[in-house]
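Presented below is the structure to which this report refers.
Where a number appears in this text, it was derived from the coordinates with a stated rule and is not lab data. Keep in mind that this is a model prediction, so the values were computed, not measured. A quick note on method: Cβ atoms are made from the backbone with ideal geometry, for glycine too, and the neighbour counts reach across all protein chains shown.
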Amino acid sequence: MKQKQKSLLIATLLAAALAAGGCATQDPRAGAPAAQSAVQPLAQGRWDAFNRARIDALIAAHGKGSPGYDARKPPYAVFDWDNTSIFLDIEEAVLVYQLQNLRFGATPQQLDTAIRLNIPHKAFNAPFNNAAGQPVDIDKVAPDIIESYTWLYRNYSGLKGSQSLEQVKASPHYQNFVAKMRYLYEAIGDSFDHAVAYPWVTYHFAGMTEAQVRSLTADTVAWQLGQPIEKVRWTSPAALPGRAGVVSVNWKNGLRLVPEMQDLYARMRAAGFDVWVCSASFVDVVKEISSNPAYGYNNPADRVLAMELERDAQGVIQPEFRRGYAQTQGKGKTQTIERFLVSRYGYGPVFVAGDSEGDQNMMQDFADTRAVLIVNRLRASDIGKLSGVAVQTYGKADAKYLLQGRDDNAGVFVASQAHTPLGAKEGKLLK
């Protein structure tokens, strides 16, 4: 039987089971009957039908109308943001928009400090050798970046100069700066631990305020939604080889909002769940895209846990990770949830959603979690093992891990567990 037909059959049987016995559902925590919630079920959208039925059952079992529901102690859900709540990564998109439009608040000296902060003095992994095949490290590429940024800083009217953006874009310094900055981001992420790579990209907000970061994010989203979904390649100019030489970088463009996740946020809130976001992107960036009504998620800005930086007395962002805070990736997500949510509610999240290794800890670490949604990106490591569990338990009424398929060619969910990578024609369940 084809996957989609099988999904529909399983969902139909599950729905029938839920409806059995009049208006009662089964509470998966205690096995006790629970009054069916009056909250509307999820829109069909492009959900895998079994996943949608399982989430509807969870909402009915724990939300308003269920015997155990207490508005003073509501259930809560925790969502990752990038590649879970949206298609692609908002932090990466903001970096590209920031580079293309030179939306920076840092002086050359401040930027030099930011791009070097905590980066090991050793060569990047071999895929990030320069065009001549020579290894590159931070001590080679940082001087090239700062040399070009200094020229832009002194000449661009949006910084300290008098030339228009179009005029400075005609200089090789512009392409050298943007290409090597974007290259450096990828090289760090590929070569070093997440604890080094994740906060690095946030330091480029140094010298800005929350309002400026949120405005930058809004401009980024407006731009990205009009971009095609495709791979983009930037190469630094041969006219300015510098110490690093000519380097190139590729990434995916075309961020998209996800209607199914917008609907899930809304349905959970309507059912009396508190909905939280826990993201490895910068907090002000996530606050804007998750709370701005224009983007359809409508989650309160104070329900965001994300990467934090120090700020001065005027609220100006500093290139320093906020002291006393955990990085919101990997084990840091669990620590952050324990600090700010478990201490507040007295229990863990009933539902968790994510897509990557950075989410696997919060998916497994809380005994109160009844369902975990994994957006399938064909990842390996422990998240791959959890995806395997989702495949093995597919169709079972007590399945905890739910694997949701996606087609990267269109930036949309698909009605199965399979993931179709960009450029591929067929989907796969597991890596």
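Numerical summary
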quantity	calculated
FRET efficiency, 1/(1 + (r/R0)^6) with R0 35 Å, evaluated for Gln364 and Asn118 via beta carbons	0.80
Neighbour-count order for His173, His419, fewest beta carbons within 10 angstrom listed first	His173, His419
Relative contact order (%) - criterion: Cα under 8 Å, at least six apart; region: the range 90-253	31 percent
DSSP-defined antiparallel bridges as percent of all bridges, the chain, nearest 5	45 percent
Distance (nanometres) between label positions extended 7 Å along Cα→Cβ at Lys400 and Asp70	2.4 nm
Prolate/oblate/rounded label for the range 90-253 (Cα gyration tensor, a/c 1.5)	rounded
Centre separation in Å (Cα based) which lies between the range 231-266 and the range 290-335	22 Å
Relative contact order of the chain, pairs being alpha-carbon contacts under 8 Å that are 6 or more residues apart, as %	18 percent
Neighbour-count ranking [beta-carbon atoms within 10 angstrom, fewest first] of Thr107, Thr202, Thr420	Thr107, Thr420, Thr202
Pairs from Lys64/Lys400; Lys231/Lys400; Lys396/Lys431; Lys287/Lys331 whose Cα-Cα separation, in the structure shown, is over 28 Å	Lys231/Lys400
Computed E for Ala170/Ala132 - FRET, C-beta separation, R0 25 angstrom, nearest 0.05	0.40
Tilt relative to the chain, helix 210-224 - C-alpha long axis, 0 to 90 degrees, to 10	80 degrees
Where only alpha carbons of the chain are counted, the Rg and the Dmax (Å)	23.0, 76
Extension gain from Val196 to Val389, taking 0.36 nm per residue of separation minus the Cα-Cα distance	66.4 nm
Label point distance in nm, Asp382-Arg323, each placed 7 Å from Cα along Cα→Cβ	3.0 nm
